[in-house]
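Here the structure is laid out as structure tokens; the discussion comes afterwards.
Please treat every number below as a calculation from the coordinates, not as lab data. These numbers come from a predicted model, not from an experiment. Reconstructed Cβ throughout: ideal geometry from the backbone, glycine too, with neighbour counts over all protein chains shown.
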Amino acid sequence: MTKVSWFAAGCLSAAFLWAGTAAAQGLSPDQRLLREIYQELVEINTTDSAGNCTQAVQAMAARLKAAGFPDPDVRIIVPSGNPKKGNLVARLHGTGEKRPLLLLAHVDVVEAKREDWTRDPFKLIEENGFFYARGSSDDKAMAAVFVEQLIRLKREGFRPNRDIVLALTSDEELGGSSEYNGVEHLLRANRTLIDAELALNEGGGGRIGADGKYERLSIQVSEKIYQDFRLQITNPGGHSSVPKPDNAIYRMSEALARIGKFEFPAKLNDGTRVFFERTARVSSGQMAADMKAILSEPPDARALERLSANPEMNAQLRTTCVATLIDGGHALNALPQRVRATLNCRILPGESVAAVEQTLTRVIADDGIAIAPITHTTASPPSPLDDDIMKSVESIGASMFPGVPVIPVMSAGGTDGRFLNNAGIRTYGVSGMFNLADSGSHGLNERFRVAALYEGQEFLYRLTKMLASSGAASNRP
């Protein structure tokens, strides 16, 4: 990218930073409304332990109804068995020429303990260009933008050529361990409410370099499969004064060490191939050369080795499994009778859970250690790089962030997009929000750039209108 392009992008970013004043002074009416919605949503606790997602979606439903949406077009869907796991589905009617566009965001958040945080995690605090709160980035920024967006389009009298459907859902953060996942529930019990041709979801965004420059605008087109495995070894144990060579802790440690040294084979799919092609164009030196070299057939082995040493690149190249929990022993003065360990695997699209389990069994090489999957998982195909989404994102990106490339990515984590893709609703993670890599999402003191909220507001507003109007770039009927 040229210095001129970086300067243009930097100037645009600076132009948005004025919006981050503590009292929200100088904001446009649409930005002020967004900030109000964002604050209300963030300050409703929606953790699994003590929160209430139904309260959050009811608050958003009230705003939509106050803006003129009739009751039949604003539905609260609560699964039987848990009144706190409600979901919102709202609809802005179009002409019906095309199947609907779905806007998806989850309102549940990861746990946050007040005693661990510098600030109250459920109070929106604005300091030094950042919003601090649990959910400030994941995923209440996008949820708030979508609510404000629907209100604005309703006020403007926008008449799209397809319905625009908003779904705010519960239990995304619990992954496969929840029986109340909102998207699964809606697809199972209320499919017609959220049926769509395509969907916009979390998972994409902007990358900012260490120097503060905008490096790339990502669009998520695929995601890895989330799967946990439990390893367990049992032993008769005995008195610790008489150690034995088959100590269960040592055997488990040796097995985990073998897994830690093992690498699954590198594989490229359509999305990651484009990721490396485009990222190479805006990289330099050895990194750029290695990205180009792995695109050859066969890929250059030395280049693969160097890229694999970079955790972010490695996650794009292969399935990964890592030990995350271990538990063993029962007394200070006794040999361990049982040791358990948990492996968290992120599996490439197209690879099976069973095949990964077989590989782990071979690598562990200890018949005394049992391995079994825990939680259920959902695999889904990648979304196609179709013109309607790619050209639209590239067009708006070029207008708002000159010189910043649009790069498809495969998410190493998981989203609810996997359920939609399996239901035939092609889903893309895209937000236009440039946040920092160390945002604290899922961790302590989560923060979100003030500028990113308003940039995302404008980006998603333009993208929604483009995809939902007859002027949208498309190669589909």
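The table below lists the values:
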{"item": "Set 224/267; 391/465; 113/140; 84/465 screened for pairs whose C-alpha atoms are more than 22 Å apart", "result": "84/465"}
{"item": "Linear extension gain, residue 372 paired with residue 270, 0.36 nm per residue minus alpha-carbon span", "result": "33.6 nm"}
{"item": "Ellipsoid semi-axes in whole angstrom, largest first, where each is sqrt(5λ) of the Cα gyration tensor of the stretch 102-173", "result": "30, 15, 7"}
{"item": "Calculated over the stretch 159-263: convex hull of Cα atoms, volume per residue (Å³)", "result": "242"}
{"item": "Simple Cβ-charge dipole of the stretch 224-374, Lys/Arg +1 and Asp/Glu -1, about Cα centre, in debye nearest 20", "result": "160"}
{"item": "Length added when fully stretched, residue 55-residue 391, from 0.36 nm per residue minus Cα-Cα", "result": "117.2 nm"}
{"item": "Cα-based radius of gyration of the stretch 235-380 once divided by 2.2 N^0.38 Å, which approximates compact folds", "result": "1.35"}
{"item": "Convex hull projection area averaged over all views, the chain, Cα basis, nm²", "result": "25.1"}
{"item": "Under 19 Å from the Cα of residue 98 - aspartates and glutamates, other chains or at least 8 residues apart", "result": "73, 163, 195, 197, 386, 387, 388"}
{"item": "Burial ranking of peptide ranges 258-264, 148-154 (average Cβ count within 10 Å, highest at the top)", "result": "148-154, 258-264"}
{"item": "Amide hydrogen neighbours beyond the local backbone of residue 319, cut-off 5 Å, H modeled", "result": "348"}
{"item": "FRET efficiency, 1/(1 + (r/R0)^6) with R0 35 Å, evaluated for residue 444 and residue 287 via beta carbons", "result": "0.70"}
{"item": "Cβ-derived FRET efficiency at R0 25 Å, residue 353 paired with residue 197, nearest 0.05", "result": "0.25"}
{"item": "Rounded to 5, the percent of DSSP beta bridges in the chain classed as antiparallel", "result": "70"}
{"item": "Convex hull (Cα only) mean projected area of the stretch 357-441, reported in nm² to one decimal", "result": "8.9"}
{"item": "Dipole moment magnitude, nearest 20 debye, the chain about Cα centre, only Lys, Arg, Asp, Glu C-beta charged", "result": "480"}
